[in-house]
């Protein structure tokens, strides 16, 4: 199965110069947790990716500024992991597992974002691949435990008591 067959096509975008209030509005209006950031709205060349968590953490930890005063470029990830439309679902799942990410932007041969492949897309459309999907999810979810261990934080309820 190819990524193009199961990705969410024609995603909503924002640009680096937008403030995060614009990005948050798009997320709210379309019930999204992340948005691809493109150079401009004419060609959709992918330059970043921003999540609701990126925005919240930036405002709280770094700036305490009003969301109208913080640019998308201040918070977005630029170290991007992408897949192509013709890549297989297995390739995309391996990328997600290896990089411990929940969403992968799908780009064309010119680096323009044409879709997003999320865990939800995979769950909804991967009948017969349950074991592979569960394995990928376990690897992605282990990211939280890894980060907690690095900071010497509890990783289970038993350790919190």
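The values are calculated or read from the model by the stated rules, or taken from the named source; none is laboratory data. Quantities reported herein were computed from a predicted structural model and do not represent experimental measurements. Cβ sites come from the backbone with ideal geometry, for glycine too, and all protein chains shown count toward neighbours.
Structural remarks
- Count - residues of the stretch 67-93 that are outside any strand (DSSP E or B), under 17 Å from residue 5 (Cα atoms) and modelled with pLDDT of 90 or more: 6
- For the stretch 1-25, the tally of residues that are assigned to a helix (DSSP H, G or I) and within 21 Å of residue 85 (Cβ to Cβ) stands at 4.
- Here residue 6 clears all of (1) within 13 Å of residue 103 (Cα to Cα); (2) surrounded by 18 or more Cβ atoms within 10 Å (Cβ to Cβ); (3) under 15 Å from the mean Cα position of the chain (by Cα) except the condition numbered (3).
- Per the conditions (1) under 18 Å from residue 124 (Cβ atoms); (2) surrounded by fewer than 14 Cβ atoms within 10 Å (Cβ to Cβ); (3) within 16 Å of the chain's Cα centre (by Cα), the sole criterion not satisfied by residue 78 is (1).
- Output for the stretch 50-66, where each listed residue is at negative phi and either part of a loop (DSSP other than H, G, I, E, B) or loosely packed, with under 11 Cβ neighbours inside 10 Å (or both): 60, 61, 65, 66
- Condition check for residue 36: in contact (Cβ under 8 Å) with a residue 40 or more places away in the chain, touching a strand residue (DSSP E or B) at 6+ places or on another chain (Cβ under 8 Å) and farther than 27 Å from residue 90 by Cβ: no
- Failed criterion for residue 97 (all others in (1) in contact (Cβ under 8 Å) with a residue 40 or more places away in the chain; (2) surrounded by 19 or more Cβ atoms within 10 Å (Cβ to Cβ); (3) part of a helix (DSSP H, G or I) hold): (2)
- Scanning the stretch 26-47 for residues being surrounded by fewer than 18 Cβ atoms within 10 Å (Cβ to Cβ) and in a helix (DSSP H, G or I) gives a total of 4.
- Residue, farthest from residue 74 (Cα to Cα), within the stretch 9-25, restricted to residues that are out of contact with any helix residue (DSSP H, G or I) (no Cβ under 6 Å at 6 or more places or on another chain) and surrounded by fewer than 17 Cβ atoms within 10 Å (Cβ to Cβ): 9
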